[in-house]
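Q: Let me begin by handing over the structure; questions about it come next.
What follows is calculated from the coordinates using simple rules that are stated; it is not laboratory data. Predicted, not measured: the structure shown is a model, and the values here were computed from it. Cβ sites come from the backbone with ideal geometry, for glycine too, and all protein chains shown count toward neighbours.
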Amino acid sequence: MLKEKYINPFTDFGFKKLFGEEPNKDLLIDFLNEILKDKEKIHDLNYKKTVKSGVTLSDRGAVFDLYCENEKGEKFIVEMQKVKQKFFKDRSVYYSTFPIREQAIRGEWDFELKAIYTIGILDFIFEENKDCKDYFHWEVKLMETTKKTVFFDKLTYIYLEMPKFIKKETELKTKFDKWLFVLRHLPNLQNRPKALQERIFEKLFKTAEIAKFTPKQRQDYEDSLKSYRDLINSMNTYKEEGKVEGKQEEALKNKQDKIQRAKEGLKKGYSVKIISDLTGLTDSEIKKLR
């Protein structure tokens, strides 16, 4: 029996329910417009096939969470990434090559491309960014390294490190803040917060209410939620085992260092007592090194 009132958007079912269905297209449009504040507003989106094949049968393909095109032909790949992936940035760049290649025109073509946006909503923090605690909205473009200016503005990668977003309801000032808050806390809420009174959030909460699902939708969501929780539990177990292993390796290294210092002390003619005081090894452990 589910205790939560609203779906978890980090599950496959939850993410697609909120952002990947035609009746809820306005939710995705509003969300993207808040992320891309500096560009012209998106007025409409068309969902495109999320499975992409390679150029040849032997080439690797790609499976997107969401893939859309706006009224100007600009492409949007939107990914909800639940756990760390070793080469996630590499995968993002690889994925962006598909909308680049599919714009190619047979025959005469001047190589003009429409803009491509790859957006990652991350339920983790990049290891290299963990010390940047207040900076979670990364926007990446091709840059000229000397002048530090954008060299090519039609290829954009945006990453949102959601664990870093820690604002409380009373601290929400912008609509962008509100979107991140609801994505981060939706399954823990029982009612729509007062700070989220815009009509778009009213629709989001109605869409996300589990009680309104059909029996099949509910079962699909429960299956998706179980997969998500199993994945998180596996990652947490892996981290804990890694911590234990790391402590064991550190203890072994310290022991080896003490033994090496004890051996050097014995060569110099130090007494067992002095070596024991210096290294912390017991008398019997030191005598075995003779």
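Q: Which angle from 0 to 90°, rounded to the nearest 10, does the C-alpha axis of helix 25-35 make with the longest principal axis of the chain?
A: 60 degrees
Q: Karplus couplings for region 149-162 from phi (6.51 cos²θ - 1.76 cosθ + 1.60, θ = phi - 60°), rounded to Hz, Gly and Pro as x?
A: Once θ is set to phi - 60°, the couplings for region 149-162 become 10, 5, 8, 9, 9, 9, 10, 10, 10, 10, 10, 10, 7, 4 Hz.
Q: Return the calculated 222 nm mean residue ellipticity for the chain, to the nearest 500 deg cm²/dmol, obtained by summing -39500 (n - 2.57) across DSSP H runs with n ≥ 4 and dividing by the residue count.
A: Helix-only estimate at 222 nm: -13500 deg cm²/dmol.
Q: Can you pull the one-decimal nm distance between simple spin-label points at residue 177 and residue 153, each 7 Å off the Cα toward Cβ?
A: Inter-label distance under the simple model: 2.8 nm.
Q: With the Cα gyration tensor of region 18-117 giving a ≥ b ≥ c as the square roots of its eigenvalues, does the rule (a/c under 1.5 for rounded; else a/b larger than b/c for prolate; else oblate) give rounded, prolate or oblate?
A: Verdict is oblate for region 18-117.
Q: Roughly what angle does helix 199-208 make with the longest principal axis of the chain, taking Cα atoms, 0 to 90 degrees, to the nearest 10?
A: With both axes taken from Cα atoms, the answer is about 70 degrees.
Q: Report the Stokes-Einstein translational diffusion coefficient (µm² s⁻¹, integer) for region 121-241, Rh taken as the Kirkwood radius over Cα pairs, at 37 °C with viscosity 0.692 mPa s.
A: 187 µm²/s
Q: Only sites in a loop by DSSP and with at most 16 other Cβ atoms within 10 Å count here; which chymotrypsin sites (Phe, Trp or Tyr not before Pro) in region 143-179 make the cut?
A: 165
Q: Once you put a point 7 Å from the Cα of residue 165 and another 7 Å from the Cα of residue 261, both along the Cβ direction, what distance in nm separates them?
A: Simple spin-label model gives 4.9 nm for this pair.
Q: Here's a follow-up. Tell me the Kirkwood radius of the chain: reciprocal of the mean inverse pair distance over distinct alpha-carbon atoms, in Å.
A: Final number for the Kirkwood radius of the chain is 23.0 Å.
Q: Need one number: % antiparallel among DSSP beta bridges in region 12-213, to the nearest 5.
A: Around 55 percent of the beta bridges assigned by DSSP in region 12-213 are antiparallel ones.
Q: Please tell me the relative contact order of the chain in percent, rounded to the nearest whole number, where contacts are Cα pairs under 8 Å and at least six residues apart.
A: The normalised contact order for the chain reaches 18 percent.
Q: Another question, then. Tell me, what HN-Hα J-couplings in whole Hz come from the Karplus equation 6.51 cos²θ - 1.76 cosθ + 1.60 at θ = phi - 60° for each residue of region 99-105, using x for Gly and Pro?
A: x, 5, 5, 6, 7, 5, 10
Q: Summing Lys, Arg as +1 and Asp, Glu as -1, what charge do residues with Cβ under 14 Å from the Cβ of residue 157 carry, residue 157 excluded?
A: 0
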